[in-house]
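Taking it in order: structure first as structure tokens, then the write-up.
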Amino acid sequence: MSELTKNVQPLQDFNWDEFENGTVANVSREELDKAYDETLSKVADHQVVEGKVVSVDKKEVVVNIGYKSDGIIPATEFRYNPELKAGDVVEVYVESAEDKKGQLLLSHKKARLSQAWDRVNAALDEQQVIQGFIKCRTKGGMIVDVFGIEAFLPGSQIDVHPIRDYDQFVGKTMEFKVVKINQEFRNVVVSHKALIEAELEAQKQEIISRLEKGQILEGTVKNITSYGVFVDLGGVDGLIHITDLSWGRVDDPKKVVELDQKINVVILDFDEEKKRIALGLKQLTPHPWDALDANLKVGDHIKGKVVVLADYGAFVEVQPGVEGLIHVSEMSWSQHLRSAQEFLKVGDEVEAVILTLDRDERKMSLGIKQLKEDPWEAIEVKYPVGSKHTAKVRNFTNFGVFVELEEGVDGLIHISDLSWTKKVKHPSEFTKVGEPIDVVVLDIDKENRRLSLGHKQLEDNPWDEFEAQFTVGSVHNGKILEVLEKGAVIQLAENVEGFATPKHLQKEDGSQAVQGEELPFKVIEFNKDSKRIILSHSRTFEDPAREEKRAATRKAAAPRAAAAKKEETPKIENVAASTTLGDLDVLANLKAQMENKD
């Protein structure tokens, strides 16, 4: 006999005969069934009713809705409400008042869903605080069960503080406010942060009202960004800008502080309206300039590390928080425009000379070229006029070539001093940037730090020889190098060029000479000073023809000239013979007068 029945005793006065006949105390069995049914709730399928929780365990929840049997609902449908206990009233959906086994089938989930959309909209309109169960993580936030509807909780709306571990919230039941509903797509957005912002706002206002500039507070590092550090001051955040973290340069705030680190900060400024608080960390320590060696002065040598590079110069940290600028012009004696990156790089340890030092303004300028002797101090000794050197081509201009003899010593070769013979239109035709070139010093301009240089002066002037070789009227073979609008350039020898105008390029057959042709040319003009030779091809055949014609003309005129001479000779004799004695007397008297005068 089971424990449930061993103590059960039948009623002594129960009339079993009447029971078997269908009557008890003159009441029929049908009447008894009817009376019993009337004590039960009238339950219809597919309706939502309220029920009382009878029992709760890990797998199922038993709910009594006043029907002849209790309904059993899976415990998973109550995950959103971990506080559920026996005696609580819940809504259930009647799926079937009696299944094939005679069991009442209920669903709490369907009951919630049937009215969920109306409840969600009411919660938004009335700004109600509702409960939700965080089911899982999703991209950008969490999925929350609200009235059976899956709502979205953005990561930024979980808390007022940035959340680094989302998984810690999965499986928790929290309070939320509905902040947005998309009616078309039935999307719901909830926020937990909105519940605490109002309270925090009041706390912020109270904290800010008690702030004072210069006040030192303890805070917790809440967030680290590229531009600074946010510190929680106990309900209100302040920002330490990256420039206020340290007296030295800071490229990454994470090298100075860590998340959740407790630090002391000083209030630099605050705006009550905008709730902005500017904090400082470096201000808690003395300024490094105040600790700078008092004996340092202009001209002293000092060592440091390059911390920042710019095109115009390099910042060198001589001690934490104390920097000096080496301008690019103080890196080399050279006057060429260059960038600091050509001389230094970040992290370099350098020695420099203090050029200026202003302790009040906390500024220092440095130089490294001063560690070397200025090459222009003794320029006349190293590069005297007439001395020969090898330089490096730096750049061109239309009028010449700039070269560098050594760092800081530049010179100019004028285009006219490149070659004795070649007509150079642009220096790029003669040499290239970066190539070496031999030069001779022509002049020194120490004040402007420039040397006048020559290249052609390394050789004797060949025009002294050309004057004897290319005399006017001489004929030489030449090759047409280039045909221009005003004439052609003709190469006579390896380093000798002449020029011929278009009319002097006409050939004997009447055609015009073209580039590349080799023809005889006659020198019709030679100018040593301007280094100019004017040539003519047409004169090489025109002049002989003209001379031949003249010779023929002279030959034809010779007989007539001889005859004329023969006829004139007697007349001359007659003239001489006709001189009278009187004439001779006049001459004799004139001679005598001249002698007496002497």
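The values are calculated or read from the model by the stated rules, or taken from the named source; none is laboratory data. Everything quoted here is computed from the prediction, not taken from an experiment. We place every Cβ from the backbone using ideal geometry, glycine too, and count neighbours over all the protein chains shown. Quick note on the areas: whole protein, heavy atoms, side chains included, nothing else; ligands and nucleic acids left out. Shrake-Rupley method; radii C 1.70, N 1.55, O 1.52, S 1.80 Å.
Within region 274-310, which residues are of a type in the set (D, E, K, R) and either in a helix (DSSP H, G or I) or in contact with a Lys or Arg (Cβ under 9 Å, 6 or more places away or on another chain) (or both)? Can you show your working first?
So in region 274-310, the residues of a type in the set (D, E, K, R) come out as 274-276, 282, 290, 293, 297, 300, 303, 305.
K275, K282, D290, listed by residue number.
Condition first: out of contact with any Phe, Trp or Tyr (no Cβ under 6 Å at 6 or more places or on another chain) and either closer than 14 Å to G148 by Cβ or open to solvent by less than 30 Å² (accessible area, probe 1.4 Å) (or both). Now tell me which residues in region 75-86 satisfy that.
Hits for region 75-86 are A75, T76, E77, F78, N81.
Pick out the one residue from V89, V54, V61 that is exposed (fewer than 12 other Cβ atoms within 10 Å of the Cβ), of a type in the set (V, I, T) and modelled with pLDDT of 60 or more.
On the way: V54 fails: exposed (fewer than 12 other Cβ atoms within 10 Å of the Cβ); V61 fails: exposed (fewer than 12 other Cβ atoms within 10 Å of the Cβ).
From the options V89, V54, V61, the qualifying one is V89.
Restricting attention to region 235-245, does a residue exist that is part of a helix (DSSP H, G or I), of a type outside the set (A, V, I, L, M) and either within 31 Å of the chain's Cα centre (by Cα) or farther than 30 Å from D165 by Cα (or both)? It would help to see each step written out before you state the result.
Filtering region 235-245 for residues part of a helix (DSSP H, G or I) gives 242-244.
Still in the running and of a type outside the set (A, V, I, L, M): 243-244.
In the following step, the residues that additionally are either within 31 Å of the chain's Cα centre (by Cα) or farther than 30 Å from D165 by Cα (or both) were identified as 243-244.
For region 235-245, residues part of a helix (DSSP H, G or I), of a type outside the set (A, V, I, L, M) and either within 31 Å of the chain's Cα centre (by Cα) or farther than 30 Å from D165 by Cα (or both): present.
Within region 534-550, identify whether any single residue is assigned to a helix (DSSP H, G or I), modelled with pLDDT of 75 or more and in contact with a Pro (Cβ under 6 Å, 6 or more places away or on another chain), and answer yes or no. Even if it seems obvious, please write down each step before you answer.
Going through region 534-550, the residues assigned to a helix (DSSP H, G or I) turn out to be 538-550.
Among the residues that remain, those that are also modelled with pLDDT of 75 or more are: 538-550.
Adding the requirement that they be in contact with a Pro (Cβ under 6 Å, 6 or more places away or on another chain) leaves 540.
Taking every residue of region 534-550 in turn, at least one turns out to be assigned to a helix (DSSP H, G or I), modelled with pLDDT of 75 or more and in contact with a Pro (Cβ under 6 Å, 6 or more places away or on another chain).
Within the set of pairs 6 or more residues apart or between chains, which connect a residue that is more than 16 Å from L239 (Cβ to Cβ) inside region 197-220 to a residue that is of a type in the set (G, A, S) with Cβ atoms less than 7 Å apart?
These pairs meet every condition: L200/G235; Q203/G235.
For region 400-416, indicate whether the set of residues that are within 34 Å of the chain's Cα centre (by Cα), at pLDDT 85 or above and not acidic (D, E) is non-empty.
Within region 400-416, one or more residues are within 34 Å of the chain's Cα centre (by Cα), at pLDDT 85 or above and not acidic (D, E).
Taking into account only those residues within region 432-491 that are of a type in the set (S, T, Y) and either loosely packed, with under 11 Cβ neighbours inside 10 Å or more than 30 Å from I379 (Cα to Cα) (or both), which is modelled with the lowest pLDDT? Working first, answer last.
From region 432-491, those of a type in the set (S, T, Y) are 452, 471, 474; that's our starting set.
Subset that is either loosely packed, with under 11 Cβ neighbours inside 10 Å or more than 30 Å from I379 (Cα to Cα) (or both): 471, 474.
On the way: T471: 85, S474: 88.
Filtering region 432-491 for residues that are of a type in the set (S, T, Y) and either loosely packed, with under 11 Cβ neighbours inside 10 Å or more than 30 Å from I379 (Cα to Cα) (or both), the one modelled with the lowest pLDDT comes out as T471.
Can you list the strands (runs of 3 or more DSSP E) lying wholly within region 367-463 that have 2 or more residues being within 30 Å of L325 (Cα to Cα)?
On the way: elements: 388-397, 400-406, 409-414, 436-445, 450-454.
Because the criterion is at least 2 residues that are within 30 Å of L325 (Cα to Cα), the strands (runs of 3 or more DSSP E) in region 367-463 that meet it are 388-397, 400-406, 409-414.
Evaluate the following for L366: is it open to solvent by less than 40 Å² (accessible area, probe 1.4 Å), under 18 Å from N295 (Cα atoms), of a type outside the set (K, R) and out of contact with any Ser or Thr (no Cβ under 8 Å at 6 or more places or on another chain)? Lay out the reasoning, then the answer.
Details: open to solvent by less than 40 Å² (accessible area, probe 1.4 Å): yes; under 18 Å from N295 (Cα atoms): yes; of a type outside the set (K, R): yes; out of contact with any Ser or Thr (no Cβ under 8 Å at 6 or more places or on another chain): yes.
Criteria met by L366.
This table checks each residue for (1) basic (K, R); (2) outside any helix (DSSP H, G or I); (3) open to solvent by less than 60 Å² (accessible area, probe 1.4 Å); (4) at pLDDT 85 or above.
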residue: A111; (1), (2), (3), (4): no, no, yes, no
residue: D118; (1), (2), (3), (4): no, no, no, no
residue: A122; (1), (2), (3), (4): no, no, yes, yes
residue: G132; (1), (2), (3), (4): no, yes, yes, yes
residue: D145; (1), (2), (3), (4): no, yes, yes, yes
residue: F152; (1), (2), (3), (4): no, yes, no, yes
residue: P162; (1), (2), (3), (4): no, yes, no, no
residue: Q168; (1), (2), (3), (4): no, no, no, yes
residue: K180; (1), (2), (3), (4): yes, yes, no, yes
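Taking the condition of being part of a strand (DSSP E or B) and without any contact (Cβ under 8 Å) to a residue 12 or more places away in the chain, how many residues in region 507-524 meet it?
At the first step, the residues of region 507-524 found to be part of a strand (DSSP E or B) are 512, 518-524.
Checking which are without any contact (Cβ under 8 Å) to a residue 12 or more places away in the chain leaves us with 512.
Here the count works out to 1.
Of the residues in region 182-209, how many are exposed (fewer than 13 other Cβ atoms within 10 Å of the Cβ) and closer than 26 Å to D118 by Cα?
5
Going through region 332-351 one residue at a time, which ones are farther than 29 Å from L451 by Cα and not in a loop (DSSP other than H, G, I, E, B)?
E349, V350, E351
Those residues that are outside any strand (DSSP E or B) and in contact (Cβ under 8 Å) with a residue 24 or more places away in the chain, I need them from region 316-331; list them, please. Even if it seems obvious, please write down each step before you answer.
The first filter runs over region 316-331 and keeps only residues outside any strand (DSSP E or B), leaving 320-321, 328-331.
The answer is P320, G321, E330, M331.
Mind listing just one residue for me: the one in region 505-535 that is over 22 Å from V424 (Cβ atoms) and aliphatic (A, V, I, L, M) and, of those, nearest to the chain's Cα centre (by Cα)?
It comes out as V514.
Could you tell me whether E361 is assigned to a loop (DSSP other than H, G, I, E, B), of a type outside the set (K, R), farther than 30 Å from L245 by Cβ and open to solvent by 50 Å² or more (accessible area, probe 1.4 Å)?
Values: assigned to a loop (DSSP other than H, G, I, E, B): yes; of a type outside the set (K, R): yes; farther than 30 Å from L245 by Cβ: no; open to solvent by 50 Å² or more (accessible area, probe 1.4 Å): yes.
No, not satisfied.
Could you go through region 496-506 and let me know if any residue there is over 20 Å from I415 (Cβ atoms) and either free of Cβ contacts under 8 Å to residues at least 24 places away in the same chain or of a type in the set (S, T, Y) (or both).
Checked against the condition, which is being over 20 Å from I415 (Cβ atoms) and either free of Cβ contacts under 8 Å to residues at least 24 places away in the same chain or of a type in the set (S, T, Y) (or both), region 496-506 yields at least one hit.
Would a scan of region 290-301 turn up a residue that is of a type outside the set (A, V, I, L, M, F, W, C) and open to solvent by less than 30 Å² (accessible area, probe 1.4 Å)?
To start, the set of residues in region 290-301 that are of a type outside the set (A, V, I, L, M, F, W, C) comprises 290, 293, 295, 297, 299-301.
The next check asks that each one be open to solvent by less than 30 Å² (accessible area, probe 1.4 Å); those that pass are none.
No, region 290-301 has no match at all.
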